[in-house]
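The values are calculated or read from the model by the stated rules, or taken from the named source; none is laboratory data. Because the structure is a prediction, the values reported are computed rather than measured. All Cβ positions, even for glycine, are placed from backbone atoms using ideal geometry, and neighbour counts span all protein chains on display. Just so you know, the surface numbers come from the protein's heavy atoms only, side chains and all, with ligands and any DNA or RNA stripped out. Shrake-Rupley method; radii C 1.70, N 1.55, O 1.52, S 1.80 Å.
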Amino acid sequence: MVRSIVILICCFTCFHTLFAQEKYSISGTISDITNGETLVGATATIKELPNIGTVTNAYGFYSLTIPKGEYNLMISYIGYEAQIFKISLSDDKRMDVKLKPDTKTINEVVVSAKKKNDNITSDKMGVEKISPKEVEAVPVLFGEQDVIKTLTLTPGIKSTSEGSGGMFVRGGNNSQNLILLDEATVYNSNHMMGFFSTFNSDAIKDITLYKGTASAQYGGRLSSVLEVQMNDGNNQDYHIGGGIGLISSKLNLQGPIVKDKGSFLITGRRTYADLFLKLSSDDDINSNKLYFYDLNVKANYKVNDNNRVFLSGYFGRDVMKAQDLFGLDWGNKTGTIRWNHIWSNKLFSNTSLIYSKYDYDVRINVDELDISYLSLIENMEIKHDFQWFVGSNDNLNFGVFGRRNNITPGQLKVYSGAMNTIDIQKRHNFEYGAFVSNEWKPNAKLSITAGLRLNCFDLVGAGDFYSYDNNEVVDTTYYGSGKVVQSYINLEPRLNMAYVLNEQNSVKLSYTRNVQNLHLIQNSSTSTPTDIWIASSKNIKPEMSDQISTGYFRNFNQDKYQLSAELYYKWMYNQLDLKDGANTMANDQVEGELLFGEGRAYGFEFMLKKKAGRFNGWMSYCLSRTEKKIDNVNNNEWYPARQDATHDFSVVGMYKLNDKWNLSATWVYYTGNAITFPSGKYRVNGDVQFYYTERNGYRMPDYHRLDLGATCQLKKTEKFESSLSFSLYNAYGRKNAYSISFEVDPDDETRTIAQKIYLFTFIPSVSYNFKF
């Protein structure tokens, strides 16, 4: 298959060489003149050729191929002053451009950084792009800006309850999202049990979520790809910024390594609720710990016009400790080394070496028992990607990748007490393959992106590997180190198509197949730090999904208003669930606790967005259904998945009152997710027990909440900025259910009492932010 892809690329090369002899290329990098940050998605167009244009890639590089002649080249980006250059093209030309921020619009909250009608002309659908400035404007809990929470305000992206970790995209569970920070996988994107995300907004440059068809370079998850890019750092001047809030503070430092050639960025954040506990004179209180921290670092250096290197890393940790009785800490580490190389005016490549790790450790010390439960997953990856600008309306992307995953699915260490240490075998696997994708615009009306991804997976030794029948081990085989235990090979086709009816209307269609070889074993509907990752094996086949979607897109009033309506249907195969009473902790035969089946998700998404002006924001609505059919569950009939919620509605508004004050508000409503409640009770040896007859046969109460926010610009000069941000979370004090428990009425054992547990009513917060 790899050979076939290479032959295909060579054929493209020969074809376009024959028919492009009288054309020349103009290429370069587009960046911000004030700080040197490259601009992702900036546009380069030829005024004399209205159907010719391109956008910069993730590193700010663009390339246009046009016939010999004299032209006006226009470079533009939302929020920046456009520049027009007169060019005489008689040979290939290199032109790097630095854009200046537009002082007329720089203070506006711009909902999108893309060109005005990109939603009409692009063949991409099911894509949400959020700007860091927008994240800062949305009111949040405790004043902490949150990428994940902002994304859940858009259609098709849900959270299941207050404080729940992760996001649920078009019916998939929260383990089916590929979350990338500078290309490195983030396995757990939550702090504080899901109340905050791992992403510090001060470090973020660009945020894109693909919930439909992503490029063929992305793979490994069924539902979505969240691509987060960190800022490169200012290569012109040194700056210090930060913020002080009620429960956390943050600080960032950036500046040039060599002016115009290299820069660095360091951002840090820490909560300090635990520091107030130390003020107590009670030893049972002042010894407790509850905090998280994260650190983002990045550096880049321009070796010459054709070579640039990047080094980035993330380090985050959560710590919870109750005296010496209980402790839980978990965290992520990522590191990325990248080399950008411009081979010619048409060919750009990026080579990446990537490291990711997630681990947790639970420590329990009660009476004479002192134990620790720990787990980890880590991977090393190498990728080599090419982007070939074949013609003005024809781009070819291709590359290869290889990854080694190491998993420790749960070790039990006993330091003292009447228990034995349980050493769970480590598992190793390799994922590797290739991809090719072609973006083609044959005419002004039609654009097509077609891609194919080859995914190969090998589970390897050393260790004992089990074969199961009806969840019982029937055979054990030992494989030596590096010996292949099980292999899977899958092809993942992708297709996006858009037909432009006119400048204000278009219709789109997409299809994608995704394959997932890493699976998260969860005991609850929300993400917890102690969930277990396992890999495909003899018993566990790769999860797979096929998704089709279609949509209508319309702009109004000179592209200030954007409307989108999308329908999708997703088939999911080889889905996992747990059998009743499953034991997942420190279980070397955890695969015997799993049940398998299929899933389906379908829905309608609507979004109306106002992009610019003093007042902007969006309104979104999603009507959806997510179901499973798992062997030996609910009589093998379809039943709602835990993340199923029928209605999801959000309104986001941002208003620039004057030069000092910016106001914002969000309102969210969604129906309760599916949940399993007891159907009755019985008595055993005098004790009352609950019994369950239907999985996910009930619903949590509906959820709704209003949040308010305001930012006051205290001072803004060329050298110093400061502001105060106020927010009121859950402004009308709605007592939304976090969980519901059932107890027998002590005064009447024939009655059952349901108790609703809620976390918050209204929570005010204030934070001070500065930059100099």
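Points to keep in mind about this one:
Yes/no per residue for (1) of a type in the set (D, E); (2) closer than 30 Å to F292 by Cβ:
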| site | (1), (2) |
| --- | --- |
| D531 | yes, yes |
| M544 | no, no |
| R554 | no, no |
| Y573 | no, no |
| D577 | yes, no |
| K609 | no, no |
| K628 | no, no |
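- Applying the condition of being assigned to a loop (DSSP other than H, G, I, E, B) and open to solvent by less than 20 Å² (accessible area, probe 1.4 Å) to the stretch 200-217 and asking which residue is nearest to G243 (Cα to Cα) yields N200.
- Residue-level check: of (1) modelled with pLDDT under 90; (2) in a strand (DSSP E or B); (3) surrounded by fewer than 18 Cβ atoms within 10 Å (Cβ to Cβ); (4) not β-branched (V, I, T), L246 misses just (2).
- Scope the stretch 174-192; condition under 22 Å from A641 (Cβ atoms) and outside any strand (DSSP E or B); matching residues: N174, S175, Q176, Y187, N188, S189
- Hits in the stretch 668-686 (condition: among the small types (G, A, S) and buried (at least 16 other Cβ atoms within 10 Å of the Cβ)): G672, A674
- Here the stretch 262-301 is the region considered, the condition is being over 26 Å from N769 (Cβ atoms) and touching an Asp or Glu at 6+ places or on another chain (Cβ under 8 Å), and the residue that is modelled with the lowest pLDDT is S287.
- Figure legend. Inter-residue proximity from the stretch 301-315: first residues without any contact (Cβ under 8 Å) to a residue 60 or more places away in the chain, second residues of a type in the set (D, E), beta-carbon distance below 9 Å, spacing 6+ or different chains. Indicated pairs: K302/D260; G313/D182; F315/D294.
- Of all residues assigned to the stretch 508-526, at least one qualifies as being open to solvent by 50 Å² or more (accessible area, probe 1.4 Å), touching a residue at least 60 places away in the same chain (Cβ under 8 Å) and over 20 Å from E566 (Cα atoms).
- Only residues that are under 24 Å from the mean Cα position of the chain (by Cα) and not in a loop (DSSP other than H, G, I, E, B) were counted across the stretch 611-627, and they come to 11.
- Taken over the stretch 492-506, the criterion of being exposed (fewer than 15 other Cβ atoms within 10 Å of the Cβ) and touching a strand residue (DSSP E or B) at 6+ places or on another chain (Cβ under 6 Å) is satisfied by P493, Y499, N505.
- In the set (1) at pLDDT 95 or above; (2) open to solvent by 40 Å² or more (accessible area, probe 1.4 Å); (3) not aromatic (F, W, Y), the condition left unmet by S356 is number (2).
- Residue check, F606 at pLDDT 90 or above, surrounded by fewer than 18 Cβ atoms within 10 Å (Cβ to Cβ), over 30 Å from K129 (Cα atoms) and not basic (K, R): no
- Just one of the numbered conditions (1) open to solvent by 60 Å² or more (accessible area, probe 1.4 Å); (2) touching a helix residue (DSSP H, G or I) at 6+ places or on another chain (Cβ under 9 Å) is not true of I337: (2).
Yes or no, residue by residue, for (1) open to solvent by less than 10 Å² (accessible area, probe 1.4 Å); (2) in contact with a Leu (Cβ under 7 Å, 6 or more places away or on another chain):
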{"residue": "F315", "(1), (2)": "no, yes"}
{"residue": "A322", "(1), (2)": "no, no"}
{"residue": "D329", "(1), (2)": "no, no"}
{"residue": "N332", "(1), (2)": "yes, no"}
{"residue": "S344", "(1), (2)": "no, no"}
{"residue": "I364", "(1), (2)": "no, no"}
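- Some residue of the stretch 687-702 being in contact (Cβ under 8 Å) with a residue 24 or more places away in the chain, of a type in the set (D, E) and open to solvent by less than 50 Å² (accessible area, probe 1.4 Å): no
- Qualifying residue in the stretch 446-465 (condition: of a type in the set (V, I, T), open to solvent by 20 Å² or more (accessible area, probe 1.4 Å), within 33 Å of the chain's Cα centre (by Cα) and more than 23 Å from I532 (Cα to Cα)): yes
- The requirement of being in contact with a Pro (Cβ under 9 Å, 6 or more places away or on another chain) and not in a strand (DSSP E or B) is fulfilled somewhere in the stretch 384-394, by at least one residue.
- Looking only at residues in the stretch 284-293 that are more than 11 Å from A322 (Cα to Cα) and without any contact (Cβ under 8 Å) to a residue 60 or more places away in the chain, the one that is most open to solvent (accessible area, probe 1.4 Å) is Y293.
- Selection status of S741, within 23 Å of R705 (Cα to Cα) and of a type in the set (S, T, Y): yes
- Test for N632: is it farther than 27 Å from I157 by Cβ and either in contact (Cβ under 8 Å) with a residue 40 or more places away in the chain or in a strand (DSSP E or B) (or both): yes
- Residue match in the stretch 707-716 (condition: exposed (fewer than 15 other Cβ atoms within 10 Å of the Cβ), modelled with pLDDT of 90 or more and either within 23 Å of G617 (Cβ to Cβ) or touching a Phe, Trp or Tyr at 6+ places or on another chain (Cβ under 8 Å) (or both)): yes
- Scanning the stretch 560-575 for residues that are surrounded by fewer than 18 Cβ atoms within 10 Å (Cβ to Cβ) and either without any contact (Cβ under 8 Å) to a residue 24 or more places away in the chain or of a type outside the set (F, W, Y) (or both) returns K560, L563, A565, L567.
- The lone exception for D329 - which of (1) touching a residue at least 24 places away in the same chain (Cβ under 8 Å); (2) over 27 Å from L412 (Cα atoms); (3) not polar (S, T, N, Q) it fails: (2)
- Restricting the first member to the stretch 132-152 and to residues that are of a type outside the set (S, T, N, Q), and the second to residues that are at pLDDT below 75 and in a helix (DSSP H, G or I), the beta-carbon pairs closer than 8 Å and six or more apart or on different chains are K149/L141.
- Restricting the stretch 609-639 to residues that are out of contact with any Leu (no Cβ under 7 Å at 6 or more places or on another chain) and among the aliphatic types (A, V, I, L, M), the residue that is surrounded by the most Cβ atoms within 10 Å (Cβ to Cβ): A612
- Of the residues making up the stretch 404-445, those that are touching a Lys or Arg at 6+ places or on another chain (Cβ under 6 Å), of a type outside the set (A, V, I, L, M, F, W, C) and touching a residue at least 12 places away in the same chain (Cβ under 8 Å) are T408, E431.
- Long-range neighbours under 6 Å by Cβ, at least six apart or interchain, first residue within 17 Å of I30 (Cβ to Cβ) within the stretch 51-71, second surrounded by 19 or more Cβ atoms within 10 Å (Cβ to Cβ) and charged (D, E, K, R): S63/K346
- Within the stretch 741-772, tally of residues that are at pLDDT 85 or above, surrounded by fewer than 15 Cβ atoms within 10 Å (Cβ to Cβ) and not in a loop (DSSP other than H, G, I, E, B): 2
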